[in-house]
Amino acid sequence: MPDIEIHIDLQGQLRPVGLARRNRVRGSEAITFEYADEWLTNPDRFSIEPALALTRGVFPPPVGQSTFGAIGDSAPDTWGRRLMQRFERRQAEREGRPVRTTNIDLDEGTCSLDLLEEAAEYFSLGLAQARIVIKEVATATATWRDVAKNAGAKSSEINRMASAFEHDDLTRALAL
């Protein structure tokens, strides 16, 4: 996991809060956190959880945990995805547009190629550029079963992940 920048949307303005950083020590992994200087000087600042006092420095997670609850809880697990979907629905309603979603979850693991192409403009990509990126990702993920097996995934885990990788949109993306 690369470093993750933590931001918050306050009053319609995206503000940096801090940086979550992966650390490996003696075979175990922990996620540390450090507040951004901009957050510490922001008059609207607040501690994102009790274990993270509003001071400078790197905070290790509480004893017996690999990360802080506020960070782990906001990761895109089932609850996190649900929160993001609710936010997107409300935002779409306010803006009078259709809801955008990649529809990736534990039960429905596919993603719409059409949606990826439509979303290209939000990333300042033209359709041709987006299709190049889509094909690169499709090519990289086409061998996912071998990669998962080499990483030690069990057959049952690989089969559970199959719908995220093996679908008509992957076939279409490889043909771009």
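The values are calculated or read from the model by the stated rules, or taken from the named source; none is laboratory data. Worth saying up front: this structure is predicted, and the values here are computed from it rather than measured. So basically every Cβ, Gly included, is an ideal-geometry build from the backbone, and we count neighbours across all protein chains shown. Heavy atoms of the whole protein, side chains included, go into the accessibility calculation; ligands, DNA and RNA do not. Shrake-Rupley method; radii C 1.70, N 1.55, O 1.52, S 1.80 Å.
Within region 132-160, the set of residues being assigned to a loop (DSSP other than H, G, I, E, B) and more than 13 Å from LEU170 (Cα to Cα) comprises ALA151, GLY152, ALA153, LYS154. Within region 118-127, at least one residue is open to solvent by 80 Å² or more (accessible area, probe 1.4 Å), among the aromatic types (Phe, Trp, Tyr) and either at pLDDT below 85 or under 21 Å from the mean Cα position of the chain (by Cα) (or both).
Of the residues making up region 161-176, those that are out of contact with any helix residue (DSSP H, G or I) (no Cβ under 6 Å at 6 or more places or on another chain) and part of a helix (DSSP H, G or I) are MET161, ALA162, SER163, ALA164, ASP168, THR171. Regarding ALA130, is this residue out of contact with any strand residue (DSSP E or B) (no Cβ under 7 Å at 6 or more places or on another chain) and closer than 14 Å to LEU113 by Cβ? For ALA130, the condition - out of contact with any strand residue (DSSP E or B) (no Cβ under 7 Å at 6 or more places or on another chain) and closer than 14 Å to LEU113 by Cβ - is met. A count restricted to region 1-60 and to residues that are in contact (Cβ under 8 Å) with a residue 12 or more places away in the chain and among the basic types (Lys, Arg) stands at 4. Residue-level check: of (1) at pLDDT below 80; (2) touching a helix residue (DSSP H, G or I) at 6+ places or on another chain (Cβ under 7 Å), ASP114 misses just (2). For region 66-73, the count of residues that are surrounded by fewer than 12 Cβ atoms within 10 Å (Cβ to Cβ) and at pLDDT 80 or above is zero.
For GLN85, the stated conditions do not hold, so it cannot be described as modelled with pLDDT of 70 or more, open to solvent by less than 60 Å² (accessible area, probe 1.4 Å) and of a type in the set (S, T, N, Q). For region 1-57, what are the residues that are aliphatic (A, V, I, L, M), farther than 17 Å from ILE71 by Cα and surrounded by 10 or more Cβ atoms within 10 Å (Cβ to Cβ)? Passing the criteria: LEU10, LEU40.
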